[in-house]
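Here is the structure we will look at, set down as structure tokens.
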Amino acid sequence: MPEYIVKIKNHYLLWSTISDRPVTGAMTLVELKKHYRRKYGEDGIGDLDSRLRRVEEKGTSSIDDQSVYETISLNRAGPRETRLTMVEIEQAYCLRQPIRGGWLPE
């Protein structure tokens, strides 16, 4: 499943291009590198470096998107696949704070 890396403040998330939502919880950079190494092995770490350069530049590893806002703009990350704002994504997926009537991602 194709995934982007997105950065919201100091939190890194893997973002599904299929479901248009985070597929991981928030990670630190160290945790992201460990996760990436486990998932893709040593060969994938080289790819991670180039992806992280884009993430640090514009908030997303997407080559086509100009910013993290563009990557997440059509998200289905909320309850019943509703669209969330950047603030709501940060609250629910990074800070694990309930939004919209107490909703938290699974």
What does the helix-only formula give at 222 nm for the chain: each DSSP H stretch with n ≥ 4 adding -39500 (n - 2.57), the total divided by the residues, and the result rounded to the nearest 500 deg cm²/dmol? -11500 deg cm²/dmol
log10 I(q)/I(0), Debye, Cα-only the chain, no solvent, q = 0.18, 0.23 Å⁻¹? -0.83, -1.30
Kirkwood hydrodynamic radius, the stretch 56-104, all distinct C-alpha pairs: what's the number in Å? 11.5 Å
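Expressed in nm to one decimal, what extension gain is obtained for the pair Q66 and E81 from 0.36 nm per residue of sequence separation less their Cα-Cα distance?
Details: separation 15, 0.36 × 15 = 5.40 nm, distance 2.39 nm.
Result: 3.0 nm gained on full extension.
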Surrounding net charge for R83, when Lys and Arg each add one and Asp and Glu each subtract one, Cβ distance under 12 Å: +1
Farthest towards the positive end of the dipole of the chain, among P22, L95, T85 and with Cβ unit charges of +1 on Lys and Arg and -1 on Asp and Glu, lies the Cα of L95
Along the Cα-to-C-beta direction of R53, a point sits 7 Å from the Cα; which residues of the stretch 2-45 have their amide N less than 17 Å from that point? 5, 44-45
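Expected output is a single nm value to one decimal: the length gained when fully extending between I45 and R96, i.e. 0.36 nm times separation in residues minus the C-alpha distance. What is it? Intermediate results must be reported in sequence, preceding the final value.
Values: separation 51, 0.36 × 51 = 18.36 nm, distance 2.83 nm.
Between I45 and R96, full extension yields 15.5 nm more.
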What's the angle, to the nearest 10 degrees (0 to 90), between helix 29-58's Cα axis and the longest principal axis of the chain? 70 degrees
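Given an 8 Å cut-off on Cα distances and at least 6 residues of separation, report the relative contact order of the stretch 3-94 as a percent. Walk me through the numbers on the way to the answer.
Numbers: 119 pairs, mean separation 25.6, N = 92.
In percent, rounded to a whole number, it is 28.
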If you build a Gaussian network model of the chain, linking Cα atoms that sit under 10 Å apart, which residue out of S62, S73, S50 swings the most? S50
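Each reported figure results from applying straightforward, stated rules to the coordinates on display, with no laboratory input. Bear in mind the structure is a predicted one, so any value in this text is a computation, not a measurement. Because the Cβ atoms are built from the backbone with ideal geometry, glycine has one as well, and the counts that use them run over all protein chains shown.
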